[in-house]
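Below is one structure, written out as structure tokens; comments come after it.
The values are calculated or read from the model by the stated rules, or taken from the named source; none is laboratory data. What you are looking at is a predicted structure, and each value in this text was computed from that prediction instead of being measured. Cβ coordinates were reconstructed from backbone atoms using ideal geometry, including for glycine residues, and neighbour counts include every protein chain displayed. Side chains included, ligands, DNA and RNA excluded: accessible areas come from the protein's heavy atoms. Shrake-Rupley method; radii C 1.70, N 1.55, O 1.52, S 1.80 Å.
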Amino acid sequence: MASIGNWLRVVQREKDRLSELESDFEYRQRWITIRLVYLSGFLMFLSFGVVATGLWPYLQDMDPTVGKPFLSVVFAAPPAGQLISSPLIGWCSNRLSSIRVPFVLLTALFVFANGLYSIVELFPTPHRKYVLLCSRFVFGISTSINTLSRAYISTATKLSERTGAISMSSLAQTFGLAIGPIIQAGLSAIGKDGLMWYGLRINMYTMAGWICAIGGVAYIVLLNPSCFVHRTIAAQEAMKTTGRSKAADTYEPLKMFSIWTVMIGYSVLMFFYVSVQTALSPISLDQFGWSHEESLYYLGILMTGGTLCSCAVFLLLPQLCKRFQEHNVFLFFAILPLFISQVVMIPLGSKTIPMSSSSANRTTDGGCPIEQDWCNFIPPINQYQLTVSYTMLCISFSVGIAISQTILSKLLGTRPQGNWMALYTSIGGVTRIIGPASVVVYVRFGTYWLFGLGTLISGLMLFWMWYHKSSLRTSKKLAQTTEMQQMRVGE
């Protein structure tokens, strides 16, 4: 209980005080800022979770002529914005004395993007889908704040603190994913008609955007100079430990193969997570015959349940890392669940998919559109398959983003990590752009192709990570033992 109290009060422990790296006041400033950084991740993932379940029906309400392929473009817009802006943000983070100003600017873009998302109806119908696309692109630029967050946490924490800090940052993001669908499911009670307020329509879709925008405004207030103070400590710790006078002298040679293995593993996790998120709404409408309102409600419950399950596993992550090495946690608690999530979604049985009498662009009720011929001969996915698959996917993604960043940060050492974290984020952005193409595969070829390819790709990744797992070790115990043995032999 005392440790929990110290955590809440931001009190420096005695052993940290004895290191003489910082005063109690500096320690408090540093950790208040780190926790504000956690909050940025919560906000970004909250917005993603709120919008994900309602984006497709909202898009159809704004423009009934829009097709599912355009949904892929809309889902690809945020990672495209992030991909373009992340390298610049990472470059700046290595050169600026404080990241507070970039934090404020990116959060302001976040507020603008969510506000624009909520007023799409004010524009002429032919232009609405492009306004919505623009809002998602700007939102993607604002998510470059994650690059700053990752780089800052890596330099603002001591080595003993880093795993816990990255885990808490990832937990904040996961918690945002959990809360987002709950908010959207609760807002479904307002309905898509909603009410008019000073010329603005407030319904279950637009209210989600306004909630995120208000949260962004509140966060900007917290970014005032008295609360957000840029402080680093990783380089100072390394210099004191090694007795070096320059931070650059503490840098270790980069293990490029290990670094790229982590990045590829993370990108595969991101690809499948975005792929399923994009296809989730069309699949539920087609396979189960749900209406838009039912889809929004039940998918909100599903996404909440899956994310809360991943949170439970995530809270056990520190214990798992004490019992198992981090590369094994990455393999068996991230990559393996990803493979299982794809296998269980392969359709089985002899039942038929419910068909809709309307086309894909005009249907408001559930059922497979008549243009999708494969619905006539491929059995449907049942709700149990979807529940198990999505739960495993959430566990995989939540564990993966925490462990991959932890391993990468330790592999990079004490050097400034802005450029590397920008590359890490950009690689994830590329796969998130490609990921929404799953809707095209689903519409044209069906579930056998979609989840068959998913099983193949995730299976190959599982084998690759298992075969090369030793290269991801960050512990130096084995190397130290080997050196001692060599010394004894020499004697």
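Which whole-Hz ³J(HN,Hα) couplings does the stretch 337-351 yield from phi under the Karplus relation 6.51 cos²θ - 1.76 cosθ + 1.60, θ = phi - 60°, glycine and proline marked x?
Those phi angles translate into x, 4, 4, 5, 4, 7, 4, 6, 8, 5, x, 9, x, 10, 6 Hz.
Grab the Cα-Cα distance for A218 and F445, subtract it from 0.36 nm times how many residues apart they are, and report the gain in nm with one decimal.
77.2 nm
For the chain, what relative contact order do you get, as a whole percent, if you take Cα pairs closer than 8 Å and at least 6 residues apart?
Working: 803 pairs, mean separation 118.2, N = 491.
The normalised contact order for the chain reaches 24 percent.
Net charge near P78: determine it from the other residues with C-beta under 13 Å of the C-beta of P78, scoring Lys and Arg +1 and Asp and Glu -1.
So the environment of P78 carries a net charge of +2.
If you take every residue apart from F257 with its C-beta less than 14 Å away from the C-beta of F257, what net charge results, scoring Lys and Arg +1 and Asp and Glu -1?
Net charge in that neighbourhood comes out at +3.
Please list, in order along the stretch 450-465, the HN-Hα scalar couplings obtained from phi with the Karplus expression 6.51 cos²θ - 1.76 cosθ + 1.60 (θ = phi - 60°), rounded to whole Hz, x for Gly and Pro.
4, 8, x, 5, x, 5, 5, 5, 5, x, 5, 5, 4, 5, 4, 5
What are the residues whose amide H is under 5 Å from the amide H of C368, where those residues sit 5 or more places off or on another chain and H is modelled from the backbone?
Result for C368 returns M355, S356.
Please compute the net charge surrounding S169, taking Lys and Arg as +1 and Asp and Glu as -1 over other residues with Cβ under 14 Å from its Cβ. Walk me through the intermediate numbers first.
Working: positive: R35, R150, R162; negative: E161.
Taking every Cβ under 14 Å from that of S169, the sum is +2.
So in the chain, which Cys have no other cysteine's beta-carbon sitting under 4.7 angstrom from theirs?
Isolated Cys, the chain: C92, C134, C212, C227, C309, C311, C321, C394.
Along the stretch 382-393, what does the Karplus equation 6.51 cos²θ - 1.76 cosθ + 1.60 (θ = phi - 60°) give for ³J(HN,Hα), rounded to whole Hz, x for Gly and Pro?
Couplings: 8, 5, 5, 4, 4, 5, 5, 4, 5, 5, 5, 5 Hz.
Taking the solvent-accessible surface of protein heavy atoms with a 1.4 Å probe, what is the per residue accessible area of the stretch 17-166 in Å²?
Here the residues of the stretch 17-166 average 34 Å² of exposed surface.
Take the solvent-accessible surface of the protein heavy atoms, probe 1.4 Å, and return the percent of it on the stretch 182-322 that carbon and sulfur atoms account for. Each step should come with its number before you reach the end.
Values: 4220 of 6300 Å².
It is 67 percent, rounded to a whole number.
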